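The values are calculated or read from the model by the stated rules, or taken from the named source; none is laboratory data. Just so it is clear, the structure is predicted and the values come from calculations on it, not from any experiment. All Cβ positions, even for glycine, are placed from backbone atoms using ideal geometry, and neighbour counts span all protein chains on display.
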Amino acid sequence: MVIWGLISLFLMGSNTVAGQHPCYVVVDPGHGGKDPGAIGKLGTKEKDITLKIALYLRELAEQDDDVEVILTRTKDVYLPLSTRIEIAQAYNPGMFVSLHCNAARSRQLHGVEVYILSPARTNWERAVEARENEALKWELDLPEGDEATILYDLAQIEMLQESKVLAKYVLNNMVDDVQLHDRGIKQANFYVLRVFMPAILVEMEFISNPNREQWLCKSINQKRIATAIYNGIKEFIRNYQ
């Protein structure tokens, strides 16, 4: 936790004193605008599903004084990565949750995966990484100098551990509460996760599976997903922070 403050002060020059505000959760509905993301056989666009679930997440937080959800987008617009990261860093210390729908050539695959920022280890992780990074070419510029490099390395180590814990809580709640197939915690070098806070990318289901595409389109299931993710966030706050 100390590392968050150090890196945030270093990059931004100031920060809010811990305990004087609710826990900030920046929720990033993947894709948007000219970038539809994956498109299902029935024509469902990933960008629309991620936005609807993000809006449900914000509704849940509006009933909770301990959590404030900030959305990187609230409508169908394309945001460059630089803008998404600027929004996230404005609410640091906090956490970052990027929402996506999975896709594959096989229309039989189903289930939930939660990713953290770390080098991809398998062909599957590299394939997902390439797909999600396709529209996000801008990379976060790192501060220069030896002191900055040391701070950055320490922050990455600290936040990798915290991201793993957050990923575990969110995944467990989605598997237990929504009865989604557990595809595990995975890792990839997603540009969008290069923020100085605990950060995860949730592949909520396979939009390429026609049965799961139909399932994702139902508002009751979108609300169940949002509730499970929110409960995972709350569990992280209670048990880890």
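Considering LEU42, LEU55, LEU51, LEU79, the condition of being in contact with a helix residue (DSSP H, G or I) (Cβ under 6 Å, 6 or more places away or on another chain) and on the phi < 0 side of the Ramachandran plot is satisfied by LEU42 alone.
Scanning segment 77-99 for residues that are small (Gly, Ala, Ser) and farther than 11 Å from ALA199 by Cβ gives SER82, ALA90.
In segment 41-64, the residues that are among the β-branched types (Val, Ile, Thr) form Cβ pairs under 7 Å with partners that are surrounded by fewer than 19 Cβ atoms within 10 Å (Cβ to Cβ), at six or more places apart or across chains, as follows: THR44/CYS217. List the residue pairs whose Cβ atoms are under 6 Å apart, where the first residue sits in segment 181-193 and is small (Gly, Ala, Ser), the second is assigned to a strand (DSSP E or B), and the two are 6 or more positions apart or on different chains. Hits for this filter: ALA188/TYR115.
Inspect segment 64-76 for any residue being of a type in the set (Lys, Arg), buried (at least 22 other Cβ atoms within 10 Å of the Cβ) and at pLDDT 95 or above and give the result as yes or no. Scanning segment 64-76, I find at least one residue that is of a type in the set (Lys, Arg), buried (at least 22 other Cβ atoms within 10 Å of the Cβ) and at pLDDT 95 or above, so the answer is yes.
Residues that are in a helix (DSSP H, G or I), at pLDDT 80 or above, surrounded by 23 or more Cβ atoms within 10 Å (Cβ to Cβ) and in contact with a Gly (Cβ under 9 Å, 6 or more places away or on another chain) are absent from segment 189-206 altogether. Residue count for segment 207-226, restricted to those that are assigned to a helix (DSSP H, G or I), of a type in the set (Val, Ile, Thr) and buried (at least 18 other Cβ atoms within 10 Å of the Cβ): 1. Checking each residue in segment 31-50 for being surrounded by fewer than 22 Cβ atoms within 10 Å (Cβ to Cβ) and outside any loop (DSSP other than H, G, I, E, B) picks out ASP35, ILE39, LYS45, ASP48.
Of ASP153, ASP176, ASP146, ASP141, all but one fail to be at pLDDT 95 or above and more than 15 Å from the chain's Cα centre (by Cα); the exception is ASP176. Only residues that are in a strand (DSSP E or B), more than 10 Å from the chain's Cα centre (by Cα) and at pLDDT 95 or above were counted in segment 96-128, giving 4.
Looking only at segment 81-93, decide whether some residue is modelled with pLDDT under 95 and in a strand (DSSP E or B). No, there is no match, as no residue in segment 81-93 is modelled with pLDDT under 95 and in a strand (DSSP E or B).
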